[in-house]
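Let me begin by presenting the structure, written as structure tokens, before commenting on it.
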Amino acid sequence: MRSNATAIQEALLGMEYPRSKKDILDYARSHNASENIVSDLQDIPDRQYESPADIRKVFGERREAEMPERINEDIEKIDRDMESWKRQ
């Protein structure tokens, strides 16, 4: 996920609800949302969204699920950097 919930919400500003995933993607594209936002919206579950809060919730859940993976990637990078520094 490349976009934050605020950027998503700004891209969808003015959209009326409820909306399907397809409607949300069409709205974002027709309002010149960035490629990152459109890409992130393509990853949301295919269902009906009742409000902006409904979409924010999906992004919050996804970000929480990705966090442990990102932390592990950061730790691995730090470990590699430290090994490299030791060899210098």
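Rule-based calculations on the coordinates, nothing more; no lab input. Keep in mind the model is a prediction, meaning the values are calculated, not measured. Using ideal geometry, Cβ is built from the backbone for each residue, glycine included, and neighbour counts are taken over all protein chains shown.
So if I place +1 on the C-beta of Lys and Arg and -1 on the C-beta of Asp and Glu, and nothing else carries charge, what would the dipole magnitude of the chain be about its Cα centre? I want it in debye, nearest 20.
Details: 15 positive and 20 negative charges, 19 e Å.
Roughly 80 debye, rounded to the nearest 20.
Which residue, ALA28, ALA11, ALA53, tops the fluctuation ranking in a GNM of the chain built on C-alpha contacts under 10 Å?
Top of the fluctuation ranking is ALA53.
What's the longest piece of the chain with no exposed GluC sites (Glu not before Pro), counting a site as exposed if DSSP puts it in a loop and it has at most 14 other beta carbons within 10 Å? Don't skip to the end; give the middle numbers.
Working: sites that count: GLU16, GLU50.
Here the longest segment lacking exposed loop sites spans 51-88.
Using a 10 angstrom cutoff on alpha carbons, build the Gaussian network for the chain and name the most mobile of LEU41, LEU13, LEU25.
Among LEU41, LEU13, LEU25, the largest GNM mean-square fluctuation belongs to LEU13.
Which longest run of the chain has no exposed loop site in it, a site being trypsin sites (Lys or Arg not before Pro) in a DSSP loop with at most 14 other beta carbons within 10 Å, and the site itself not part of the run? Mind dumping the intermediate values first?
Values: sites that count: ARG2, ARG47.
Counting only loop sites that pass the neighbour cut-off, the longest clear stretch is 3-46.
Helix 21-30 against the longest principal axis of the chain: what's the angle in degrees, Cα atoms only, rounded to the nearest 10?
90 degrees
Short version: what are the Cα gyration tensor semi-axes of the chain, square root of 5 times each eigenvalue, largest first, in whole Å? Present the calculation step by step, with values, prior to reporting the outcome.
Details: eigenvalues 252, 36, 17 Å².
Taking √(5λ) for each eigenvalue gives 35, 13, 9 Å, largest first.
Which value in deg cm²/dmol, rounded to the nearest 500, describes the helix-derived mean residue ellipticity at 222 nm for the chain, given -39,500 (n - 2.57) per DSSP H run of n ≥ 4 and division by the residue count?
Values: 4 runs with 61 residues, N = 88.
Mean residue ellipticity at 222 nm (helix-derived): -23000 deg cm²/dmol.
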